[in-house]
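The values are calculated or read from the model by the stated rules, or taken from the named source; none is laboratory data. If you're wondering where the values come from, they're calculated on a predicted model, not measured in any experiment. Here the Cβ positions follow ideal geometry from the backbone for every residue, glycine too, while neighbour counts run over all protein chains shown. Each accessible area value is taken on the protein alone, full model and side chains, heavy atoms only, with ligands, DNA and RNA left out. Shrake-Rupley method; radii C 1.70, N 1.55, O 1.52, S 1.80 Å.
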Amino acid sequence: MLLRPIVLVSLVLLAGCGKEDGAKKAAQESAATPAAVAETIKIKPGAWDATTELVSMEVDGVDPAMLKGNVGRKTEFKNCVTPEQAARPASDFFAHPDLKNGNCKSESFDMAGGKLSAVIVCQSGEGQAGPMRMELSGNYAPDSYDMTVTMNGKGGPNGATMKMVAHSSGKHVADTCAS
């Protein structure tokens, strides 16, 4: 089925993505996470486990009954957070490690006072006919996060518009990362 690769790619994208190179990344992070806000963020460094579950999916021109089997599908991944990253998290903290390849950019990223809000745009990739815009909102604590991710883009048959909503959560599991 054509939609299967779209769903799998989308589940991996759900938690955000992308690293920028050098000065461009530093400039974006500085703009997205002001120094005053960064000091209030206290995420634990070390190993993190994360899970993303597809809550709903709509694709123009596709019978909703065909999409129903994708709802509830989960993907799990691990991240290693250095002490430097924990002190100043960037939006790619929420990314699946396989996608930190420069394909995505953070339009906004605010993480303060236990609340998280971000907008990330990923350019076309496998199963996508155009950019995918992801809006993340939720809560975080030093050892966990819980958020809703709403994605809009083109990726259905013949470049149809699609909308997906997912639930993403993560938890700190160890103070050090396995090598």
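Listed values, structure above:
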| quantity | calculated |
| --- | --- |
| Elements of type strands (runs of 3 or more DSSP E) in region 78-179, at least 2 residues being at pLDDT 90 or above and either under 16 Å from residue 54 (Cα atoms) or open to solvent by 10 Å² or more (accessible area, probe 1.4 Å) (or both) | 115-122, 132-141, 144-154, 161-174 |
| Count - residues of region 55-72 that are under 30 Å from residue 112 (Cα atoms), out of contact with any helix residue (DSSP H, G or I) (no Cβ under 6 Å at 6 or more places or on another chain) and surrounded by 12 or more Cβ atoms within 10 Å (Cβ to Cβ) | 2 |
